[in-house]
Amino acid sequence: MKAMILAAGRGERMRPLTDLTPKPLLMAGGKPLIVWHIEKLAQAGYRDLVINHAHLGGQIEIALGDGSRFNVRIRYSREAEALETAGGIANALPQLGPGPFLVVNGDIFCDYDFASLPHELGGLSAHLILVDNPDHHPAGDFTLKDGKVLDEGKCKLTFSGIGLYRPELFASVARGAKAALAPLLREQMAKGMVGGEHFRGLWMDIGTPQRLRQLDRMLQNTNQPRMNTDEHG
């Protein structure tokens with residue numbers, strides 16, 4: 001199975017750090033954020049990776065190369081301007097192949113075991129990893145009930161930015177067009193076509209300089225962080 005890391009965002013909330021450095025290359029625990037993902041994916045057996053980029057994307061290609069030093073093969077999906085999540089995925093479909101694929105947001109940090117993901121979706125369109133709501137997103141996104149993800153209910157969880165998708169989910173998105181992911185998912189949720197699971201381990205949305213500093217401190221203090229923590233952004 002192939003995996004894609006989303007790395008095309010401008011990182012406005014990270015400015016001025018992202019004025020000269022693309023967000024995925026910001027450092028935490030002595031490594032660029034994106035390298036933590038690559039190493040975990042390689043450890044879980046993912047060898048074919050696609051990384052999309054836009055803002056200062058050339059730096060990402062220089063930093064990561066073809067991925068051989070990580071024991072993976074990296075291909076790049078270049079965007080003249082960021083196409084949002086669904087648009088970026090749709091643009092990369094020719095490199096992702098005909099089967100289900102994993103997508104991971106480049107601006108999160110987690111200790112989720114990618115090897116535990118299902119390798120088949122059955123009749124589903126997607127499988128999402130949901131997490132406890134962080135302080136900066138207390139309302140959550142979706143409800144998990146009997147293994148299905150729904151856009152209803154009061155006890156919502158937060159979408160982690162980790163998902164397994166069928167390429168057909170993006171059939172309505174023209175290559176090169178901007179498109180958000182949530183509307184596509186909600187359409188499939190209404191049909192009962194989205195599965196999911198609740199991950200209770202370490203997960204952080206590295207969306208602000210404050211949370212980047214928090215992650216850096218945590219990683220400097222331990223090589224195997226286990227606390228599920230967050231701070232107001």
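The values are calculated or read from the model by the stated rules, or taken from the named source; none is laboratory data. Source: prediction; values computed, not measured. Positions of Cβ are backbone-derived with ideal geometry, glycine not excepted, and every protein chain shown enters the neighbour counts.
Worth pointing out:
- Taken as a whole, the stretch 139-158 holds no residue that is part of a helix (DSSP H, G or I) and either of a type in the set (Val, Ile, Thr) or under 24 Å from residue 78 (Cβ atoms) (or both).
- Failed item in (1) under 16 Å from the mean Cα position of the chain (by Cα); (2) surrounded by fewer than 13 Cβ atoms within 10 Å (Cβ to Cβ); (3) of a type in the set (A, V, I, L, M, F, W, C), with residue 159 passing the rest: (2)
- Verdict on residue 45 being of a type outside the set (Ser, Thr, Tyr), buried (at least 18 other Cβ atoms within 10 Å of the Cβ) and either in contact (Cβ under 8 Å) with a residue 24 or more places away in the chain or closer than 28 Å to residue 100 by Cβ (or both): no
Matching residues to (1) β-branched (Val, Ile, Thr); (2) more than 30 Å from residue 54 (Cα to Cα); (3) in contact (Cβ under 8 Å) with a residue 12 or more places away in the chain:
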| position | (1), (2), (3) |
| --- | --- |
| 117 | no, no, yes |
| 124 | no, yes, yes |
| 135 | no, no, yes |
| 144 | no, yes, yes |
| 148 | no, yes, yes |
| 178 | no, no, yes |
| 192 | no, yes, yes |
| 206 | yes, no, yes |
| 211 | no, no, yes |
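- Counted as qualifying within the stretch 5-124 are the helices (runs of 4 or more DSSP H) with 1 or more residues that are under 19 Å from residue 219 (Cβ atoms) and among the β-branched types (Val, Ile, Thr), namely 33-43.
- The residues of the stretch 159-176 that are in contact (Cβ under 8 Å) with a residue 60 or more places away in the chain and assigned to a loop (DSSP other than H, G, I, E, B), listed by number, are 166, 173, 174, 175, 176.
- Some residue of the stretch 129-139 being under 21 Å from residue 5 (Cα atoms), under 20 Å from the mean Cα position of the chain (by Cα) and not β-branched (Val, Ile, Thr): yes
- Of the criteria (1) modelled with pLDDT of 95 or more; (2) under 30 Å from residue 31 (Cα atoms); (3) small (Gly, Ala, Ser), which one residue 179 fails: (2)
- Those residues of the stretch 84-121 which are touching a strand residue (DSSP E or B) at 6+ places or on another chain (Cβ under 8 Å) and either small (Gly, Ala, Ser) or farther than 21 Å from residue 202 by Cβ (or both), in sequence order: 85, 88, 89, 91, 92, 95, 96, 100, 101, 106, 118, 121
- Filtering the stretch 11-42 to residues that are closer than 15 Å to residue 103 by Cα and of a type in the set (Lys, Arg) leaves only 40.
- Tally, over the stretch 39-85, of residues that are at pLDDT 95 or above, closer than 19 Å to residue 11 by Cβ and touching a Phe, Trp or Tyr at 6+ places or on another chain (Cβ under 9 Å): 6
- Among the residues making up the stretch 182-206, a single one is in contact with a Ser or Thr (Cβ under 6 Å, 6 or more places away or on another chain) and either modelled with pLDDT under 95 or in a loop (DSSP other than H, G, I, E, B) (or both): 193.
- Complete set of residues in the stretch 32-72 that are of a type in the set (A, V, I, L, M, F, W, C) and touching a Gly at 6+ places or on another chain (Cβ under 9 Å): 33, 34, 36, 38, 42, 49, 51, 54
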